[in-house]
Amino acid sequence: MPIITEARVVVTSPGRNFVTLKVVCDDGTTGVGDATLNGRELAVASYLADHIVPCLIGRDAHRIEDIWQYLYKGAYWRRGPVTMTAIAAVDMALWDIKGKVAGLPVYQLLGGASRDGCMVYGHANGATIADTVDAALRHRAEGYRAIRLQCGVPGLASTYGVARPGEAYEPADGTLPTESVWSTERYLRIVPELFAAAREALGPDIHLLHDVHHRLTPIEAARLGRDLEPYRPFWIEDPTPAENQDGFRLIRQHTTTPIAVGEVFNSIWDAKALIESQSIDYIRATVVHAGGITHLRRIAALADLYQVRTGCHGATDLSPVAMAAALHLGLAIPNFGIQELMPHLPVTQAVFPHAYRYADGSLHPGDAPGLGVDIDEALAATHPYVRAYLPVNRLEDGTLWSW
Ligand code: KDG
Ligand code: MG
């Protein structure tokens, strides 16, 4: 059995910040886990280095479930994004080690492939409807079968999900939080027009998605869902903040547009009521923020009982380590739905060499033993941490709103 002798926390910023845990065993086997919590990175780095790493030394790396329970129950303070991201990093690293020792890719340890690959959705965005539709056509030409559409809102200087001209979209854009202005009324007018134009240009076979990013009230979200029905969206995501879970029942009463939620969830307890009440169609919790492969597998198993499928978060703040772990799980589980793909910058990919590959609208985790991803620590050291925050959002009268 591989005994853990060392665990290092690597903080690096190749294009954006990432926190990575590298676990080392007495037989030389190593495993990596993503511990990146966008805008609050150093809290997780400290949680790991100061509180978790000392508890790992000397443990049998094969006892993944026991170590998970030890870190979860043993902390006394349960759940929360910092705790669950830290536990997730350990969990991913241990699955990586188990796969390497077994000589098998992690998806084989999870039951083997249930499909040929994981369908992904790409991001098409632009300042105008025409620009966004052009971006969607480019994605289709690259083989994407599912495309998320976000466009600028006339009268608002900037909009969630829309890149500045000539730049890749990256939400953590300031050394202090930048501020954007929001108008629900303007937004609700433009999105159905965007979907009408996109469906017209792309035809019936492409899946079209949209992220509301927590900005509507339940009844406003119900209106949007109903307005989009003629264009058959694959989903609308985070239509309303999920603290008020009964709000999703209200949306459900009014529209058949599928609902995705959960990128900010960190526990099965955040998702349980929404899944059991059949208020949602896709669960977006991720390996990195929801306790690793061990815990996300549990969430997916609960969701499967209610025909809820996975749609894991995959923005650029989830490192290639998290992407690899998500793909191994996604390939294996029966109720995989779709995987978000926001490609990392080349400088990020160089720091995290990985075996997963894109082809024909899908990602496959590859067949390297373990997760098939690593961190080049020497290269990582050349990209020091840069403080970066997510933006905040205000209504036109200055009221602070959900971003
Ligand atoms: O860190 C926050 C981002 O990951 C988030 O804003 C991206 O909503 C997002 C998405 O769906 O990718
Ligand atoms: Mg989102």
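The values are calculated or read from the model by the stated rules, or taken from the named source; none is laboratory data. All figures in this text were calculated on a predicted structure; none of them were measured in a lab. Note that each Cβ is placed from the backbone with ideal geometry, even for glycine, and that neighbours are counted across all protein chains shown.
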Would you please list the contacts, defined by Cβ atoms under 8 Å and residues six or more apart or on different chains, that run from a residue in region 20-49 that is over 22 Å from Y389 (Cα atoms) and among the small types (G, A, S) to a residue that is assigned to a loop (DSSP other than H, G, I, E, B) and more than 16 Å from ligand 2 (Cβ to nearest atom)?
G31/A61; G31/L371
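For region 363-396, name all the residues that are of a type in the set (G, A, S) and within 16 Å of ligand 1 (Cβ to nearest atom).
A388
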Quick one: how many residues across region 217-243 are under 21 Å from the mean Cα position of the chain (by Cα), within 16 Å of ligand 1 (Cβ to nearest atom) and closer than 27 Å to S267 by Cβ?
9
Within the group V32, V9, which residue is in a strand (DSSP E or B), touching a helix residue (DSSP H, G or I) at 6+ places or on another chain (Cβ under 6 Å), in the same structural domain as W95 (by TED's automatic domain parsing) and surrounded by fewer than 23 Cβ atoms within 10 Å (Cβ to Cβ)?
V9
Kindly list, by first and then second residue, each pair from a residue in region 203-215 that is within 11 Å of ligand 1 (Cβ to nearest atom) to a residue that is acidic (D, E) and part of a strand (DSSP E or B), limited to pairs with Cβ atoms under 6 Å and residues at least 6 apart or on different chains.
D211/E237
Out of T132, T83, report the one residue that is in contact with a Phe, Trp or Tyr (Cβ under 8 Å, 6 or more places away or on another chain) and either outside any helix (DSSP H, G or I) or of a type outside the set (G, A, S) (or both).
T83
Does V23 satisfy the condition of being closer than 25 Å to E170 by Cβ, in contact with a helix residue (DSSP H, G or I) (Cβ under 8 Å, 6 or more places away or on another chain) and not assigned by TED's automatic domain parsing to the domain that holds N266?
no
Go through region 312-337 and give me each residue that's more than 12 Å from ligand 1 (Cβ to nearest atom) and assigned to a strand (DSSP E or B).
F336, G337
Residue by residue through region 338-352, note down the ones that are away from ligand 1 (no atom under 15 Å from the Cβ) and either touching an Asp or Glu at 6+ places or on another chain (Cβ under 6 Å) or assigned to a helix (DSSP H, G or I) (or both).
P346, V347, Q349, A350, V351
Read through the list (1) of a type outside the set (V, I, T); (2) within 16 Å of ligand 1 (Cβ to nearest atom); (3) not in a loop (DSSP other than H, G, I, E, B), then give the number of the only condition that D304 fails.
(2)
Looking at L109, L104, L94, which one is more than 30 Å from G152 (Cα to Cα) and buried (at least 19 other Cβ atoms within 10 Å of the Cβ)?
L94
How many of the residues in region 177-217 are within 16 Å of ligand 2 (Cβ to nearest atom) and more than 15 Å from E229 (Cα to Cα)?
9
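Each row is one residue, and each column tells you yes or no for (1) in the same structural domain as R78 (by TED's automatic domain parsing); (2) within 25 Å of L37 (Cβ to Cβ); (3) more than 16 Å from ligand 2 (Cβ to nearest atom).
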| residue | (1), (2), (3) |
| --- | --- |
| Y231 | no, no, yes |
| R249 | no, no, yes |
| R252 | no, no, yes |
| T255 | no, no, yes |
| A271 | no, yes, no |
| Q278 | no, no, yes |
| A290 | no, yes, no |
| L296 | no, yes, yes |
| I299 | no, yes, yes |
Taking the stated definitions as given, is I280 within 28 Å of V191 (Cα to Cα), without any contact (Cβ under 8 Å) to a residue 60 or more places away in the chain and hydrophobic (A, V, I, L, M, F, W, C)?
yes
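For region 264-294, what are the residues that are on the phi > 0 side of the Ramachandran plot and buried (at least 24 other Cβ atoms within 10 Å of the Cβ)?
G291, G292
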